[in-house]
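Enquirer: To start, I am sharing the structure in question, which I have written as C-alpha cells.
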Amino acid sequence: MNQPVEFPKKREVTEVITESFRFLGAESGSLMKYTLIYALPFIIIMAALQLVLSSEVAGIQETLLSMEREEMLGQLGPMYKKYFLIMLFNVFVQALFIAVIYTYIHAYLDRGKGNFTAGEITSAFFSNAWISIGTSIVVALLSMIGLIFCIFPGIFILNSLSLAVFIAIYEKKGIGYAISRSWNLVKLQWWGTFLLNLVGLMLAQAVAMILSVPATMGLESKVILAQGETFSQAAGDWRVWVFLVATIIGTLLSVITFVFLAFQYFNLKEREKEIMPGVS
C-alpha cells in the first residue's frame, strides 16, 4: 500500500519534483476522474478554439505580407479580438482545472489519503472554482501589465504570483492576501520557483509537440482549416484530430506544474519558519 505523501516539509527543488511525481503516480486515478468530470469538456472546447485561431493565422500570413499597413491592420483587428476572447476563455479553463487539482490536494491534506468522498470533493470544488477564477484573472491582468512594459517584468510578476491560486484556495483569506502572500513567499526562493514553473511547462509542451509531429510533416500542414471552412467540415482531416489530441494532452499535463507549486508552497513555508520562527 502506498504511504501518504507528506506535503509540509522543507525540500530542495529536485526533491519537490521527485515528491510531486510520487504524489501524481499514487493519486493519478482520482485526479483524472475529477478532471474528466469538471474540466475536460472545457479543455476540449479550448483546444478546438486554439486550433481554429492558429490555422486562421497561418492561412493569412502570406496575404498579410502583400498588404498595405492600413489594410493589414483592418484584417488583423477581428483576429486580435478573437485572440483576446480565447485568451480569456483559456484563463477560465485553466482556473477550473487548477480548482479541481487543488480541491483534491486540500482534502488530501485536511482529511488524509482516502478519507473523503466524491460528494465532499464536488461541494468544495464549486466553492473553490470561483476563488480560482477570481485569483487567476487578477494574476493574468497583473502579468499582462508587466508584459506591456517588457517581457521580463511580465515573467517576473507571473512567477512571483504563481502560488497565489493555491494560497487563495488553501488559506481562504481573500485574493488580495493570496497575491501578497505569494509574492513574499516566492521571494525566498524565486529562481527555484521559476525552475519548477519552467520544468512543468517544458514537459507539457514537449509532449504536445512530439504528439503533433506527424501532423506537421508536409507542405500542406501549415493550414489545417482552409479559409471559411468550419471545424465540422474539416473533421475528416486526420491532422485536425492529431493537433486536437496533442493540445488536450499538453493541457492536461499542466497538472505537473500545479502539483509542483503546491509542494513548493509548503517548502517555502518551512523556510520562512526558519527565518521568522514566530510565523505559523
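The values are calculated or read from the model by the stated rules, or taken from the named source; none is laboratory data. Quick caveat: nothing in here was measured; it's all calculated off a predicted structure. All Cβ positions, glycine included, derive from the backbone under ideal geometry; neighbour counts span all protein chains shown.
Enquirer: Between residues in the stretch 156-174 that are under 22 Å from I256 (Cβ atoms) and residues that are at pLDDT 95 or above and charged (D, E, K, R), which pairs lie under 6 Å by C-beta distance while being six or more apart or on different chains?
Expert: Listed by first residue and then by second, the contacts come to I167/R181.
Enquirer: Pairs only if they're at least six apart or on different chains, beta carbon under 7 angstrom, first in the stretch 190-210 and crowded, with 17+ Cβ neighbours inside 10 Å, second aromatic (F, W, Y); list them, first residue then second.
Expert: Sorted first by the residue in the stretch 190-210, then by its partner, the pairs are L196/F260; G200/F260.
Enquirer: If a residue has to be under 17 Å from A208 (Cβ atoms) and without any contact (Cβ under 8 Å) to a residue 12 or more places away in the chain to count, how many in the stretch 239-280 make the cut?
Expert: 1
Enquirer: For the stretch 109-126, give me each residue that is over 21 Å from the mean Cα position of the chain (by Cα) and assigned to a helix (DSSP H, G or I).
Expert: Across the stretch 109-126, the qualifying residues are L109, D110, R111, A118, G119, E120, S123.
Enquirer: On the basis of being touching a residue at least 60 places away in the same chain (Cβ under 8 Å) and either buried (at least 20 other Cβ atoms within 10 Å of the Cβ) or closer than 18 Å to T251 by Cβ (or both), does I105 make the cut?
Expert: yes
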